[in-house]
Every structure is written in C-alpha cells, then in structure tokens.
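*Asks:* There's a structure below that I have some questions on.
The values are calculated or read from the model by the stated rules, or taken from the named source; none is laboratory data. It should be emphasised that the depicted structure is a prediction, and the values quoted were computed from it without experimental measurement. Cβ: placed from backbone, ideal geometry, glycine included. Neighbour counts: every protein chain shown. Calculation scope for accessible area: heavy atoms of the full protein, side chains included, ligands and nucleic acids excluded. Shrake-Rupley method; radii C 1.70, N 1.55, O 1.52, S 1.80 Å.
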Amino acid sequence: MRAVVQRVSHASVTVDDIVVSSIQTGLLVLLGVTEDDTIEDIEWLSGKISRLRIFEDDNGIMNKNVMEVGGDAIVVSQFTLYASTKKGNRPGYSNAAKPEIASPLYEQFVHRLERDLNKSVGTGVFGADMKVTLLNDGPITICFDTKNKE
C-alpha cells in the first residue's frame with residue numbers, strides 16, 4: 001500500500017456536486033492499493049498514520065498525533081499512486097490492484113484506521129470521479145509505502 005498523508009486545516013470530498021466527507025483539523029490520506037497487499041500492510045500503515053506525530057505541542061514542536069489534537073481523518077482511494085512513468089509520457093497503472101481486490105482492502109484499511117483512532121473516518125466514493133479540496137497545514141505531507149518501510 002502507498003499513502004500520501006497531509007496535515008490539513010480542512011478537507012472535503014465532493015462527488016456529483018455533493019459533499020460526501022468533510023473535516024476540519026486532521027489528516028487527509030490518499031491511499032493506493034496493489035495486488036499483493038495484505039492485512040499486515042493494513043495494520044502497519046494504519047498504526048503509523050494514527051500515531052504519526054505531525055501536530056504541534058504547546059512549544060511549537062511537532063510532537064502530537066491526530067488523536068491528541070482531537071483531529072479527524074478522511075481516506076480517499078487513489079490508484080494513481082501506483083502510476084509507472086518509466087516508459088513514455090503516459091503513466092501506466094498495471095501495478096495498481098484491480099477494483100475487485102482494491103475496494104475490499106480499502107474498506108478494511110478504513111475500518112482499521114477507525115479502530116486505531118477510535119472514531120469514524122470520512123471517505124470518498126471508491127471508483128468515483130471525486131473532487132478533493134484541502135488546506136494543507138504547514139505544508140506537511142508524508143509518504144508511506146508498506147513495501148519500502150523508511
């Protein structure tokens with residue numbers, strides 16, 4: 001799995017001119033799934049994101065996680081995180097899982113993150129044409145890849 005996590009002042013997801021998720025302070029998580037992702041990938045990634053200390057404490061040091069600041073989260077599926085640009089100028093997406101594999105793994109990730117955060121998590125609509133708006137706070141953007149745990 002790959003995730004791009006952004007600390008946001010606010011974020012929302014709109015599908016067909018209807019806002020389906022909206023948060024204030026928190027995390028916007030763009031999530032890509034590949035064919036060989038497992039429950040271990042879900043658990044590792046959710047744990048890292050839920051404990052990620054990128055919010056400031058009283059001294060202005062990034063020392064708090066999203067739970068400690070009372071923040072929320074939105075998870076949006078994004079197969080383009082597995083784009084291959086090695087050949088030519090048109091990205092290939094063969095490394096992204098097909099929807100019948102990706103959708104259940106995406107749902108499992110959302111449920112695991114809800115458990116780790118002990119609260120509901122907003123989502124987009126899997127496979128839909130979504131409009132994502134956000135105000136990146138910092139800007140703070142962290143990338144994760146469960147196959148390359150740096």
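*Asks:* Highest GNM mean-square fluctuation, the chain, Cα pairs closer than 10 Å: which of 86, 119, 48?
*Replies:* Among 86, 119, 48, the largest mean-square fluctuation in the Gaussian network model of the chain belongs to 86.
*Asks:* Just 42, 61, 101 to compare: in a GNM of the chain, with alpha carbon springs under 10 Å, which one fluctuates most?
*Replies:* 61
*Asks:* Calculate the FRET efficiency for residue 39 and residue 68 from the Cβ-Cβ distance with a Förster distance of 25 Å, rounded to the nearest 0.05.
*Replies:* That pair, residue 39 with residue 68, gives E of 0.40.
*Asks:* Something else: With a 1.4 Å probe and every protein chain kept in, tell me what percent of the accessible surface of the chain is carbon plus sulfur.
*Replies:* Looking at the chain in its full context, I get 47 percent from C and S.
*Asks:* For the chain, what does the relative contact order come out to in percent, with C-alpha contacts under 8 Å and a separation of six or more?
*Replies:* So the answer I get is 38 percent.
*Asks:* What ranking of 62, 1, 130 comes out by heavy-atom accessible area, probe 1.4 Å, highest first?
*Replies:* Largest accessible area first, the list is 62, 130, 1.
*Asks:* Each label point is 7 Å from the Cα along the Cα-to-Cβ direction; what then is the distance between the points at residue 120 and residue 147, in nm?
*Replies:* Modelled inter-label distance: 3.5 nm.
*Asks:* Of all DSSP beta bridges in the range 5-110, what percent run antiparallel (nearest 5)?
*Replies:* Percent antiparallel among DSSP bridges in the range 5-110 is about 70.
*Asks:* Rounded, prolate or oblate: which one fits the range 1-49, using the alpha carbon gyration tensor with axes a ≥ b ≥ c (rounded when a/c is under 1.5, else prolate when a/b beats b/c, else oblate)?
*Replies:* It comes out oblate by the Cα gyration axes.
*Asks:* From the Cα gyration tensor of the range 41-118, with a ≥ b ≥ c the square roots of its eigenvalues, which class applies: rounded if a/c is under 1.5, or else prolate if a/b is larger than b/c, or else oblate?
*Replies:* In terms of gyration-tensor shape, oblate.
*Asks:* What value, in deg cm²/dmol to 500, does the helix sum -39500 (n - 2.57) over DSSP H runs of n ≥ 4 give at 222 nm once divided by the residues of the chain?
*Replies:* Details: 2 runs with 32 residues, N = 150.
It lands at -7000 deg cm²/dmol.
*Asks:* OK, next. Could you state the per residue volume, in Å³, of the convex hull enclosing the Cα atoms of the chain?
*Replies:* 119
*Asks:* In a GNM of the chain with a 10 Å cut-off on Cα contacts, which of 75, 110, 19 has the highest mean-square fluctuation?
*Replies:* 19
*Asks:* Right, here's the next one. Please work out the FRET efficiency for the pair residue 58 and residue 140, using the Cβ-Cβ distance as r and a Förster radius of 22 Å; give the result to the nearest 0.05. Please list the in-between numbers first.
*Replies:* Values: r = 18 Å, r/R0 = 0.82.
It comes to 0.75.
*Asks:* Right, next: In the structure shown, do any of 98/149; 64/86; 86/149; 48/131 have a Cα-Cα gap over 30 Å, and if so which?
*Replies:* In this structure, 64/86 lie more than 30 Å apart at Cα.
*Asks:* What whole-number value in Å² describes the accessible area per residue of the chain for a 1.4 Å probe? Write down the numbers at each step before the final one.
*Replies:* Values: 8400 Å² over 150 residues.
Roughly 56 Å² per residue, with all protein chains present.
*Asks:* Below 10 angstrom from the Cβ of residue 37, what's the summed charge of the other residues (Lys, Arg +1; Asp, Glu -1)?
*Replies:* Spelling it out: positives minus negatives among the neighbours equals -2.
*Asks:* Another question, if that's okay. To the nearest 20 Debye, how big is the dipole of the chain about its Cα centre, given +1 on the beta carbon of each Lys and Arg and -1 on that of each Asp and Glu? Present the calculation step by step, with values, prior to reporting the outcome.
*Replies:* Numbers: 16 positive and 21 negative charges, 89 e Å.
The dipole magnitude comes to about 420 debye.
*Asks:* Local charge sum around residue 68 (other residues, Cβ-Cβ under 9 Å, Lys/Arg +1, Asp/Glu -1)? Please report the intermediate quantities before stating the final value.
*Replies:* Working: positive: 53, 64; negative: 57.
Net local charge, residue 68 excluded: +1.
*Asks:* Taking the Cβ of residue 15 as the centre, find all other residues whose Cβ is under 9 Å away and add up their charges (Lys, Arg: +1; Asp, Glu: -1).
*Replies:* Charge balance in the 9 Å sphere: -2.
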